[in-house]
1. Among the numbered criteria (1) surrounded by 17 or more Cβ atoms within 10 Å (Cβ to Cβ); (2) not in a helix (DSSP H, G or I), which one does Ala72 miss?
2. Among the residues of the range 107-120, what is the count of those that are more than 17 Å from Ile182 (Cβ to Cβ) and touching a residue at least 40 places away in the same chain (Cβ under 8 Å)?
3. Can you name every residue in the range 55-71 that is within 15 Å of the chain's Cα centre (by Cα), farther than 18 Å from Leu19 by Cα and of a type outside the set (A, V, I, L, M, F, W, C)?
4. Could you tell me whether the range 141-157 includes any residue that is part of a loop (DSSP other than H, G, I, E, B), touching a strand residue (DSSP E or B) at 6+ places or on another chain (Cβ under 6 Å) and either modelled with pLDDT of 95 or more or of a type in the set (Gly, Ala, Ser) (or both)?
5. Return the residues of the range 38-69 that are touching a residue at least 60 places away in the same chain (Cβ under 8 Å), out of contact with any strand residue (DSSP E or B) (no Cβ under 8 Å at 6 or more places or on another chain) and assigned to a loop (DSSP other than H, G, I, E, B); say none if nothing qualifies.
6. Among the candidates Gly163, Gly135, single out the residue that is at pLDDT below 95, part of a loop (DSSP other than H, G, I, E, B) and at positive phi.
7. Pick from the range 181-194 the residues that are surrounded by 13 or more Cβ atoms within 10 Å (Cβ to Cβ) and either touching a strand residue (DSSP E or B) at 6+ places or on another chain (Cβ under 7 Å) or assigned to a helix (DSSP H, G or I) (or both): which of them is modelled with the highest pLDDT?
Amino acid sequence: MEPSAIKHLHDKLASAGVLFASGLTDSELLEIYAFHDFRFPPDLEELYRYRLPVSDGFYNWREYDSEAIIDAMERPIKGILFDVHHNDFWVDECGKRPREKDAREGVIREYFQGFPKLIPVYSHRYIPDYPHEEGNPVYSAQQTDIIIYGTDLQNYFDAEFCGGETIDYSKVKRIKDWHKFIINYNLCFRMPGEMLEKLL
């Protein structure tokens, strides 16, 4: 995103009541990346360099090793495992469902290990770290209820905080593995056919 677009996004969020701290420095970003073994997508990194949102629900990445952030990083896989153990959820690609709880967890964790990491942005909204480019979609993740919540970062913030845009599903980037999972195990059960066709 151009600097003017980052400033415009910041100003819109600030007008909506979002509080900001000073932006992250190069050294702070390197510490975050080393600790969590990911990189913020460029558009999110540019926003965090400019100013860091710190209102309730956002994550203070200056405290990158905090329990809140570590828990948020683990929440998507733990939520999926909850449905595996308590709601009979299973991923067909994982083969036959093991009878033992520990075995089920091992299979599921191994399967999702290859998925792009989901970086918490706000509450249970996440953005994938791969590909490392602008325009990745934002997901809402609660257990296996993982849905597309924004075409990209700006579209998401507009919808979440500014009463703005709806999602144009034809423009949603197909993220490795996550896109297929969302279509196969979520959206196909509750999206009108014409909307689903735009994602296929």
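1. So Ala72 meets the others, but not (2).
2. The initial filter retains those residues of the range 107-120 that are more than 17 Å from Ile182 (Cβ to Cβ), namely 107, 109-110, 113, 120.
This time we only want the ones that are touching a residue at least 40 places away in the same chain (Cβ under 8 Å), so: 120.
Residues flagged as more than 17 Å from Ile182 (Cβ to Cβ) and touching a residue at least 40 places away in the same chain (Cβ under 8 Å) within the range 107-120 amount to 1.
3. Asp71 - this is the single residue of the range 55-71 that is within 15 Å of the chain's Cα centre (by Cα), farther than 18 Å from Leu19 by Cα and of a type outside the set (A, V, I, L, M, F, W, C).
4. Filtering the range 141-157 for residues part of a loop (DSSP other than H, G, I, E, B) gives 143-144, 151-152.
Remaining after also requiring touching a strand residue (DSSP E or B) at 6+ places or on another chain (Cβ under 6 Å): none.
Taking every residue of the range 141-157 in turn, none turns out to be part of a loop (DSSP other than H, G, I, E, B), touching a strand residue (DSSP E or B) at 6+ places or on another chain (Cβ under 6 Å) and either modelled with pLDDT of 95 or more or of a type in the set (Gly, Ala, Ser) (or both).
5. Arg39
6. Working: Gly135 fails: at pLDDT below 95.
Exactly one residue qualifies, and that residue is Gly163.
7. Going residue by residue through the range 181-194, those that are surrounded by 13 or more Cβ atoms within 10 Å (Cβ to Cβ) are 181-188, 191.
With either touching a strand residue (DSSP E or B) at 6+ places or on another chain (Cβ under 7 Å) or assigned to a helix (DSSP H, G or I) (or both) added as a condition, the list becomes 181-188.
Working: Phe181: 93, Ile182: 90, Ile183: 85, Asn184: 84, Tyr185: 80, Asn186: 67, Leu187: 52, Cys188: 48.
Once the filter is applied, the top-ranked residue is Phe181.
The rows are residues; the columns are (1) touching a helix residue (DSSP H, G or I) at 6+ places or on another chain (Cβ under 7 Å); (2) closer than 30 Å to Lys171 by Cα.
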{"residue": "Asp88", "(1), (2)": "no, no"}
{"residue": "Asp102", "(1), (2)": "no, no"}
{"residue": "Leu118", "(1), (2)": "yes, yes"}
{"residue": "Glu133", "(1), (2)": "yes, yes"}
{"residue": "Asn136", "(1), (2)": "no, yes"}
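The values are calculated or read from the model by the stated rules, or taken from the named source; none is laboratory data. Please read all numbers here as calculations on a predicted model, not as lab measurements. Reconstructed Cβ throughout: ideal geometry from the backbone, glycine too, with neighbour counts over all protein chains shown.
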